[in-house]
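A short write-up of the structure that comes next.
The values are calculated or read from the model by the stated rules, or taken from the named source; none is laboratory data. Only a predicted model underlies this, so the values are computations on that prediction, with no experimental measurement involved. With ideal geometry, Cβ positions are generated from the backbone for all residues, glycine too; neighbour counts draw on all protein chains shown. Areas reflect the complete protein model, heavy atoms only, side chains present, ligands, DNA and RNA absent. Shrake-Rupley method; radii C 1.70, N 1.55, O 1.52, S 1.80 Å.
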Amino acid sequence: MLEESGSGMLRLRNGQVVFDRFVEAGTKPISRAEIARLTGLSKPTVNTLVLDLEDAGVVRCNPSAQPQGRIGRPAASYELVADAALVVGVDMGATKTIIGVADLLGEVIAAEQIRTPADAVAAVNAVVNATRGLLESLGERGSRLEAACMGVPGVYRPTHDRVEMAPNLPGFVDLPIRAELSDRLGVEVTIENDVNLATVGEANEMAGKGTKDFAAISIGTGIGMGMVMEGALYRGAHGAAGEIGSVKLPRVGGEVFHALTLEDVASAPAIRKLFHRSVEAGWRTGLEGDADVPAIFSAAARGDEAATAALDIAADAVAFATSYFCWVNDPTLVVFGGGVGSNPIFVDAVRARIGRYLTVIPEMAPSTLGGRAAFLGAISTALAKVRSSLVVKRLGRRSER
């Protein structure tokens, strides 16, 4: 049992404050005197807590890392034991899945990319097997797993522990995914929409830049959007905020679309279909029929007729759908990610067309994280849980003895 007294709770709270300073210091050693100065805690209190954290295996003394030229006995410095606890982050996409293990500082120490099986049950099995393999490869350190987070290509309903609206990866209907993964991995697992996690990854990338209201639109095999409002991820009342791929398109690119969604017109498979249709309509091209989306965009930039026709329709559709979000939420920035969205040619095409639908145009930019945004967001989400609970677990465990 954890201590219930006021002094016991105060000790844990102060221990968290000291631990947070070690996390902020990163790989840099820090002295107890400096921690006392930064936290406002008394030196005796800091001394006791640092020794407690050292006994718990969370920090360690690093007496060799002292400033040069000091006279007298130097104060001992301490540093975070980064691999005292590990987390797993997973980005399960419709076609590929990234699994990785990271330490307390977010450093990815083992990772693997696998092909996503055709159904959800097989995909979860593949994630479990890959995770166990990565942990085994780390030897004794692999036993220090504390938490995991997985992004899924659909809407996660936590009250039912179920993923919905995942047409690109069927089989989630009867799968209690959080309970299944938590039981098999032996730690608490957080499940989140993959685009929301990509948004977390983008928010971390922009930390310190003062951007509090932005959208991250991921365009690849599917299309989704994550929203940050006043600096916080916005999920909506039922976890389905940002499903921009389901927006119906009445008219884009000079054509009328009958009940087609944005995903039907601007996802990677849809762009390839648009290109094939343009070729069949007689537009000239220098590309082969099986050209992928990056090749289509590159050809469009060179003036290829069929490629340009496909890009025009897809970019206009995204500009139209994005404008609806901008009218309602007025973001300062829209970041485009995913295999399609992060292509600068595509972003330029959307930017050139969105003025048809908006009077005030936000900043628009391709993601600098590419296909790793959701994975890094999963790592960050798992780390946040561990960093906020590790001190209670480790120091509370000592109080039981």
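Residue 395 meets the conditions (1) open to solvent by 10 Å² or more (accessible area, probe 1.4 Å); (2) assigned to a helix (DSSP H, G or I); (3) over 22 Å from residue 223 (Cα atoms) in every case but one. The failed one is (1).
Screening the candidates 252, 279, 256 for the property of being modelled with pLDDT of 85 or more and more than 28 Å from residue 151 (Cβ to Cβ) yields one hit, 279. Pairs only if they're at least six apart or on different chains, beta carbon under 9 angstrom, first in the stretch 369-392 and among the aromatic types (Phe, Trp, Tyr), second open to solvent by less than 60 Å² (accessible area, probe 1.4 Å) and assigned to a helix (DSSP H, G or I); list them, first residue then second. Once the first residue is among the aromatic types (Phe, Trp, Tyr) and sits in the stretch 369-392, its partners that are open to solvent by less than 60 Å² (accessible area, probe 1.4 Å) and assigned to a helix (DSSP H, G or I) give 375/197; 375/198; 375/201. Out of contact with any strand residue (DSSP E or B) (no Cβ under 6 Å at 6 or more places or on another chain) and acidic (Asp, Glu), is that true of residue 305? Considered against the rule, which asks whether it is out of contact with any strand residue (DSSP E or B) (no Cβ under 6 Å at 6 or more places or on another chain) and acidic (Asp, Glu), residue 305 comes out as yes.
Specify the residue that is least open to solvent (accessible area, probe 1.4 Å); the eligible residues are those in the stretch 173-187 that are of a type outside the set (A, V, I, L, M) and modelled with pLDDT of 90 or more.
182
Of all residues in the stretch 107-122, those being farther than 20 Å from residue 87 by Cβ and either in contact (Cβ under 8 Å) with a residue 24 or more places away in the chain or exposed (fewer than 15 other Cβ atoms within 10 Å of the Cβ) (or both) number 7.
Might you check whether a residue that is over 16 Å from residue 89 (Cβ atoms), modelled with pLDDT of 95 or more and surrounded by 16 or more Cβ atoms within 10 Å (Cβ to Cβ) occurs anywhere in the stretch 165-172?
Taking every residue of the stretch 165-172 in turn, none turns out to be over 16 Å from residue 89 (Cβ atoms), modelled with pLDDT of 95 or more and surrounded by 16 or more Cβ atoms within 10 Å (Cβ to Cβ).
Would a scan of the stretch 224-235 turn up a residue that is open to solvent by less than 30 Å² (accessible area, probe 1.4 Å), aliphatic (A, V, I, L, M) and closer than 30 Å to residue 125 by Cα?
yes
In the set 379, 354, only one residue is under 12 Å from the mean Cα position of the chain (by Cα) and open to solvent by less than 10 Å² (accessible area, probe 1.4 Å); that residue is 379. A search for C-beta distances below 7 Å between a residue of the stretch 6-27 that is without any contact (Cβ under 8 Å) to a residue 24 or more places away in the chain and any residue that is open to solvent by 10 Å² or more (accessible area, probe 1.4 Å) and assigned to a helix (DSSP H, G or I), counting only pairs 6+ apart in sequence or on different chains, returns 21/38; 21/39.
Please tell me if residue 104 is part of a loop (DSSP other than H, G, I, E, B), at pLDDT 95 or above and surrounded by 15 or more Cβ atoms within 10 Å (Cβ to Cβ).
yes
Exactly one residue out of 199, 190 is touching a residue at least 60 places away in the same chain (Cβ under 8 Å) and open to solvent by 20 Å² or more (accessible area, probe 1.4 Å), and it is 190.
Return the residue satisfying two criteria in turn: it lies in the stretch 327-339 and is under 16 Å from residue 368 (Cβ atoms) and of a type in the set (A, V, I, L, M, F, W, C), and of such residues it is farthest from the chain's Cα centre (by Cα). Once the filter is applied, the top-ranked residue is 333. If only residues of the stretch 84-95 that are of a type outside the set (A, V, I, L, M, F, W, C) and modelled with pLDDT of 95 or more are counted, the one that is most open to solvent (accessible area, probe 1.4 Å) is 91. One residue alone among 73, 115 is over 17 Å from residue 186 (Cβ atoms), modelled with pLDDT of 95 or more and more than 17 Å from the chain's Cα centre (by Cα), and that residue is 115. Would you mention how many residues in the stretch 185-204 are closer than 17 Å to residue 101 by Cβ and part of a strand (DSSP E or B)? Total satisfying the criteria: 3. Within the stretch 140-156, residues that are under 14 Å from residue 200 (Cβ atoms) reach partners that are hydroxyl-bearing (Ser, Thr, Tyr) and open to solvent by 10 Å² or more (accessible area, probe 1.4 Å) with beta carbons closer than 6 Å, at six or more positions or on different chains, in the pairs 149/190; 149/381. Cβ-Cβ contacts under 7 Å between residues 6 or more apart (or on different chains), taken from a first residue in the stretch 265-294 that is at negative phi to a second residue that is among the basic types (Lys, Arg), are listed as 293/272.
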